[in-house]
Amino acid sequence: MFKVLRQKSVRDEWLVAVVAMLVGIYSQLPALTNPYMIGGDFRGTFYWIRQFHDNTLFPNDFLTEHFRYFQPWGVVAIYYVLSFLIDPLVISKILPIFLLALSSFYLFKLVRHFANPYGGFLAVVLFMTSFTYLDRIAGGVAGS
């Protein structure tokens, strides 16, 4: 495998992304198989996303305004666009898989640029096996 990593750099990046997606699917498997399971901090913040479709929901609610206005604009934009296509609960179960793959992809590129493909691969393995990261990315929202 390391011989493959040494020969084709573009192939390496996509291999890392595919492996990261598989790790993401494995980490989200309980949530993907159970429609009633909500991962991470999303359980406290998902209800305000319904306001994108119905402005009359939760009028003058302090907690709703707090969760809505203190989310990063990127998170709000992603959920705004995707909420018209997919249910927000399903988004919260799928988005962490893609975020893990994207993070691993760019981490590999960064470390490979400064070190070598072996260092990039090692950095991604350490990154993906970090238990704190997989907990923080659950739900696809900005966690604490």
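The values are calculated or read from the model by the stated rules, or taken from the named source; none is laboratory data. Here the structure is a predicted model, which means the values were calculated and not measured. Positions of Cβ are generated from backbone atoms using ideal geometry, with glycine treated the same way; all protein chains shown enter the neighbour counts. The protein model used for the area step is the full one, side chains on, heavy atoms only, and it has no ligands, DNA or RNA in it. Shrake-Rupley method; radii C 1.70, N 1.55, O 1.52, S 1.80 Å.
Values as computed for the structure displayed
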quantity: Protection proxy ranking, peptides 23-29, 58-64, 93-99, average beta carbon neighbours within 10 Å, highest first; calculated: 93-99, 23-29, 58-64
quantity: Whole-number percent relative contact order across segment 25-111, with pairs defined as alpha carbons under 8 Å at least 6 apart; calculated: 36 percent
quantity: Heavy-atom accessible area per residue - segment 59-128, 1.4 Å, Å²; calculated: 61 Å²
